[in-house]
Structure formats: C-alpha cells, structure tokens
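See structure below.
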Amino acid sequence: MRTKTPTTMDAGPSAPALTRGELVTLSNELRIACMRISRRVRFESDPELAPHQFSALIRLETTPRTNSELAEIEKVSAPSMKRTTQSLVDLGLVARADDPTDGRQVILSLTAEGRKAVRRIRRHRDEWMLARFENLSEDELQLLRRAGAVLAKVAGE
C-alpha cells in the first residue's frame with residue numbers, strides 16, 4: 001500500500017494528498033507545459049524581433065542601463081549583449097548616451113519607437129494567447145484562471 005504524504009497543493013478539503021511520486025510527475029508535466037507555452041509565445045507570436053532582442057528591450061523599459069548591467073540580468077556575456085543592443089540601436093529602438101560619471105560606459109535607453117515596439121509585441125503575444133483560448137470551454141477557462149494564480153505563486157510573483 002502506498003502512503004500518501006499530505007501536501008498543501010490539494011484541490012480542497014476532500015481531495016486526497018499527492019504522493020511524492022505524483023508530485024514529481026505533476027512538477028515535470030507543468031514545467032514542460034510552461035516551457036512549451038513560453039517558447040511558442042516568444043517564437044510564434046511576433047517575428048518582428050528575436051526573443052533575446054525583445055528581452056533586452058523590456059529590461060530598458062523602466063530604467064536606462066549599461067550593457068554590463070543588461071548582460072548580468074540576462075545571464076549572457078558582455079560581448080553578446082553589446083551585439084544585441086547594437087542591433088537595437090541600428091533599428092532605432094534604443095538610444096546610446098555617454099555615462100556622465102564613467103566615460104568608459106554607455107547608458108542605453110528606449111527610444112519612442114522602442115516603447116512602441118514593446119507595446120506592439122506585447123499586444124501580439126497577448127493576441128496569440130487569446131487565439132488559443134477560443135477553443136476552450138468556460139470550465140477550462142475558469143480552471144486556467146485559478147491555475148494562473150497558483151502558477152504565479154509557484155513562480156514567486
């Protein structure tokens with residue numbers, strides 16, 4: 001007979017606790033599903049910019065940063081980030097300015113066109129997701145609403 005270890009992840013007072021093995025399976029299935037959705041949203045929703053370019057853009061949305069800061073946030077090498085930001089400068093989405101306190105550094109910020117691109121790409125990504133919801137039942141949509149809250153909690157947001 002399997003023993004069940006109680007978890008805080010049960011669906012309600014009458015739901016049985018999941019075993020460790022069941023939790024491992026659930027963890028794997030959800031991780032893979034989240035990764036697939038994330039990848040498809042990034043690559044299929046909008047061909048305007050590569051995912052790494054969009055990621056750099058949104059890091060500049062709230063505050064100007066240096067290439068080094070962006071590289072650290074994005075977990076890439078400084079030369080790689082410099083190539084990415086240079087392509088965004090060339091597209092007119094990012095502006096460069098000399099750092100007033102360190103002449104060796106360049107401060108990067110979004111241009112008006114960069115802000116428009118961020119809004120446009122986010123809208124396309126939302127539309128991509130909305131199109132997938134069209135074939136879902138009301139029960140499935142309500143389940144996704146509840147799951148979204150739980151997944152946000154799991155992600156620590």
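Of the peptides 124-135, 61-72, the order by per-residue mean of other Cβ atoms within 10 Å, starting with the highest, comes out as 61-72, 124-135.
Does anyone have the angle between helix 78-90 and the longest principal axis of the chain? Alpha-carbon axes, 0 to 90°, nearest 10? Compared with the principal axis, the helix lies near 70 degrees. By the Stokes-Einstein formula, at 1.002 mPa s and 20 °C, the chain with its Kirkwood radius over alpha-carbon pairs has D equal to 114 µm²/s.
Solvent-accessible area assigned to carbon and sulfur over the chain amounts to 55 percent, based on a 1.4 Å probe. Magnitude of the charge dipole for the chain, about its Cα centre and with charges confined to Cβ atoms of Lys, Arg (+1) and Asp, Glu (-1), is about 260 debye. Once the 1.4 Å probe is applied to the protein heavy atoms, the range 33-82 comes out at 61 Å² accessible per residue.
Ordering TRP128, ALA112, GLY148 by Cα displacement along the dipole of the chain toward the positive end leaves GLY148 in first place; charges were set at the Cβ atoms of Lys, Arg (+1) and Asp, Glu (-1). The 3J(HN,Hα) values that the Karplus relation (6.51, -1.76, 1.60; θ = phi - 60°) gives for the range 53-65 are, in residue order, 5, 5, 4, 5, 4, 5, 6, 9, 5, 9, 7, x, 8 Hz. Gly and Pro appear as x.
Backbone amide hydrogens, once placed in the peptide plane, bring GLN105 within less than 5 Å of ASP99, excluding anything fewer than 5 places away on its chain. The slack in the chain from ALA152 to SER68, taken as 0.36 nm per residue of separation less the alpha-carbon distance, amounts to 27.3 nm.
The values are calculated or read from the model by the stated rules, or taken from the named source; none is laboratory data. Small disclaimer: the values here were computed from a predicted structure and weren't measured. When we count neighbours, we look across all protein chains shown, and the Cβ atoms used for this are built from the backbone with ideal geometry, even at glycine. The area values use the complete protein model at the heavy-atom level, side chains included, leaving out ligands, DNA and RNA. Shrake-Rupley method; radii C 1.70, N 1.55, O 1.52, S 1.80 Å.
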